[in-house]
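Notes to accompany the following structure.
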Amino acid sequence: MVGRMKTMKKIIIIFVLVILLITGCSTKGKPNVIVGEKPIVYVSFYPLYFLAEEIGRDNIDLKMVIPNGVDSHDYEPSMKQLKAIEEADVFIYNGAGFENWAEKLVGTIVEEDKTLKASDYVELIEINGTFDPHIWLNPENMNRIGEKIRDIFISLDEDNKNEYEKNFNELSNRLKILDKEFKDGLKDKKKDTILVSHSAFAYMADRYDFQQVSVAGINPEQEPSPRTIANIIEMTEEENFEYIFLETLANPKTVDIIAEETNLKTLLLNPLEGLTEEEQNNGEDYISIMEKNLINLKKALVE
Ligand SMILES: [Zn+2]
């Protein structure tokens, strides 16, 4: 009798294993990370790298497509890079027109259910009929995207669920503190408009209640017309602008001309589309750079 029970048990175990194997192989598109191997995560550019790194830490194998130090808007990945993304367990990108190359990958090289499109999870702002992709410059959006990244890491790697949750909670707290620093810091504004290099700050302006006037368009390559330049110069006088904000990675040539023409003082406002080598060497990250942005914004709006 005992022998027969043992045999039955064996048969049941084998049966369950076979079922697991079959379903394991046939659930197409389901993330099936090999046990003992870290999920391979590709992100398009720095702000998403920051989120994935903070949440995934040592539990993921993280790679970034757009290297730091280049203008992210116009980056074109190499064929080799595109091929490499194929091996990703998840490909995380911004969307909303920021990485045109990425939109082409989805559904061809990368299966759609292996992607996370950050802009799907936040409220998009439209500027002149085009969606503004610079969603990461509102810390609240970063928190929402972070939540989705946490969820996808857990679905890829259940074993480390607690760590992903703990890491996300820590990150979320830092983002909430940053958000509060901005709210408090910009509460007593004396001015409500800033002059910036390219139109990257709509989400920040919307969150903290100020306006941006930009020299170039959503893409820094969109140089303004002579008429726009004339209007901006006129406006700097009317609005009593004291500063013009420059960027670290890309500045349209006209920004320099306007700064010179108007005698405005220049300050840095970093749209965080990538880190410079210096920023990397100094151990800067999204939060520390946003804190510096706040210091400079206060100079232009509060002090
Ligand atoms: Zn931009």
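Worth pointing out:
- Criterion violated by E273 - all others in (1) touching a helix residue (DSSP H, G or I) at 6+ places or on another chain (Cβ under 8 Å); (2) in contact (Cβ under 8 Å) with a residue 24 or more places away in the chain; (3) within 16 Å of the ligand (Cβ to nearest atom); (4) over 30 Å from G56 (Cα atoms) satisfied: (4)
- For segment 153-190, a residue qualifies if it is under 15 Å from K292 (Cα atoms) and buried (at least 19 other Cβ atoms within 10 Å of the Cβ), and the qualifying residues are L175, L178, F182, L186.
- Considering residues of segment 69-92 that are among the small types (G, A, S), assigned to a loop (DSSP other than H, G, I, E, B) and more than 16 Å from the ligand (Cβ to nearest atom) only, the residue surrounded by the fewest Cβ atoms within 10 Å (Cβ to Cβ): S78
- Considering segment 125-149, the residues that are under 29 Å from N169 (Cα atoms) and open to solvent by 60 Å² or more (accessible area, probe 1.4 Å) include one that is farthest from the ligand (Cβ to nearest atom), namely E147.
- Residue satisfying all of: in segment 287-303; of a type in the set (S, T, N, Q) and open to solvent by 20 Å² or more (accessible area, probe 1.4 Å); farthest from the chain's Cα centre (by Cα) among these: N296
- Counted residues, segment 191-213 - those being within 14 Å of the ligand (Cβ to nearest atom) and open to solvent by 30 Å² or more (accessible area, probe 1.4 Å): 1
- Considering E284, E261, E279, the condition of being among the acidic types (D, E) and either open to solvent by 70 Å² or more (accessible area, probe 1.4 Å) or within 16 Å of the ligand (Cβ to nearest atom) (or both) is satisfied by E261 alone.
Per-residue answers, yes or no, for (1) of a type outside the set (K, R); (2) without any contact (Cβ under 8 Å) to a residue 40 or more places away in the chain:
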{"site": "S78", "(1), (2)": "yes, yes"}
{"site": "G95", "(1), (2)": "yes, yes"}
{"site": "K117", "(1), (2)": "no, yes"}
{"site": "I125", "(1), (2)": "yes, no"}
{"site": "T130", "(1), (2)": "yes, no"}
{"site": "L137", "(1), (2)": "yes, no"}
{"site": "N143", "(1), (2)": "yes, yes"}
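The values are calculated or read from the model by the stated rules, or taken from the named source; none is laboratory data. Just so it is clear, the model here is predicted, and its values are computed rather than measured. So basically every Cβ, Gly included, is an ideal-geometry build from the backbone, and we count neighbours across all protein chains shown. Surface areas here come from the heavy atoms of the whole protein model, side chains and all, with no ligands, DNA or RNA. Shrake-Rupley method; radii C 1.70, N 1.55, O 1.52, S 1.80 Å.
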